[in-house]
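Derivation of every value follows stated rules applied to the coordinates shown; laboratory data play no part. Values in this document were obtained by computation on a predicted structure and should not be read as measured data. Reconstructed Cβ throughout: ideal geometry from the backbone, glycine too, with neighbour counts over all protein chains shown.
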């Protein structure tokens, strides 16, 4: 969801500030002030002390937002809607709230264009729900918003409360700095992205006119890589895989766990899943992946760069194929993938279930 898995569950504040400041280069640590932006950006006209004020504001809001539990299920995204609305109202930014079912809702806000003629709008889209979390596996409580080792920690710090908060700060900066706009800038926070997409579906079905036939939409996706405190490149997600959910059910004779049953439902399921996991989907190179790897080659060591530039040929090499398998960042780009996510069996430790 935007960054490599080793950063999942935590946010380096410099990343969030770099987005919030509409393109300022990334700070190396959360205490560092933002560097000077490009002169072509509106933020180049903002004094350094005021840029720092926005950075501090973003950090405080990020911590506050991460402390709002919007675990889905059940969601309770109206808590996040209220957080956003309070800030938007205080800033005098037009906004509307849609509670489409009790406790769940979407939020829409807009900064109108300032010129006589306008281009089609740009939408800043984010979702407010987060996936489940087990505090026992976290270094800090998942809804603490705690700063530790130069990072802000919390469920949603990567997916995707960070981007939603950055988009909010951009809206605030555009309004406060009275930036001239040649198109409407629309902010949308939706519910239920992680499970059923009911928030997005409802908004399109019932308030589709608020999208105003937008020309651009910025959402999560892509990967931004930093080196020595500097952003090496900003990745843009131009395509995503679709999913094929497979529900595998095994049946067998139930009994007491003190008397093992070789052909029990759990045993049959395990054997079936082992066969599924042992299956290797064929390697293939989609055009967009080929282009991506070719563009990334200059950032790689010489040998890997050579492979990236000739990826169609390389995947035919029996020596290269195991390397793909072992590289999590490459494997999913070059084949259909299979992941086990949910398992179910008996509700009691001493009972062999009839179904697993």
Taking only C-alpha positions in the range 253-333, Rg and Dmax in angstrom work out to 20.3, 61
Ranked list, fewest to most other Cβ atoms within 10 Å of each Cβ, for 55, 346:
346, 55
Determine, for 307, 64, 77, 193, the number of other Cβ atoms within 10 Å of each Cβ, and report the residues in order from fewest to most.
64, 307, 193, 77
Please compute the Kirkwood hydrodynamic radius of the range 287-331 from all pairs of different C-alpha atoms, in Å with one decimal.
10.6 Å
Percent antiparallel among DSSP beta bridges (both partners in the chain, rounded to 5):
70 percent
Label point distance in nm, residue 285-residue 40, each placed 7 Å from Cα along Cα→Cβ:
3.1 nm
Which angle between 0 and 90 degrees, to the nearest 10, do you get for helix 78-91 versus the longest principal axis of the chain when only C-alpha atoms count?
10 degrees
May I ask you to compute the full-extension gain from residue 276 to residue 86, defined as 0.36 nm times their residue separation minus their alpha-carbon distance, rounded to one decimal in nm?
63.4 nm
Semi-axes of the equivalent ellipsoid for the chain, Cα gyration tensor, largest first, Å
40, 28, 20
Please give the FRET efficiency for residue 204 paired with residue 259, using the beta carbon to beta carbon distance and R0 = 56 Å, rounded to the nearest 0.05.
0.50
Can you give me the relative contact order of the chain as a percent, contacts being Cα pairs under 8 Å and 6 or more apart?
18 percent
Expressed as a percent, the portion of alpha-carbon pairs in the range 60-170 spaced more than 25 Å apart is 27 percent
Report, to the nearest 10°, how far helix 265-278 tilts away from the longest principal axis of the Cα atoms in the chain, using its own Cα long axis and a range of 0 to 90°.
60 degrees
Please order 138, 245 by the number of other Cβ within 10 Å, starting at the fewest.
245, 138
Using 1/(1 + (r/R0)^6) with R0 = 22 angstrom and r between the beta carbons of residue 329 and residue 138, what's the FRET efficiency to the nearest 0.05?
0.40
Value of D in µm² per second that Stokes-Einstein yields for the range 167-288, Kirkwood Rh from Cα pairs, at 37 °C (0.692 mPa s)
157 µm²/s
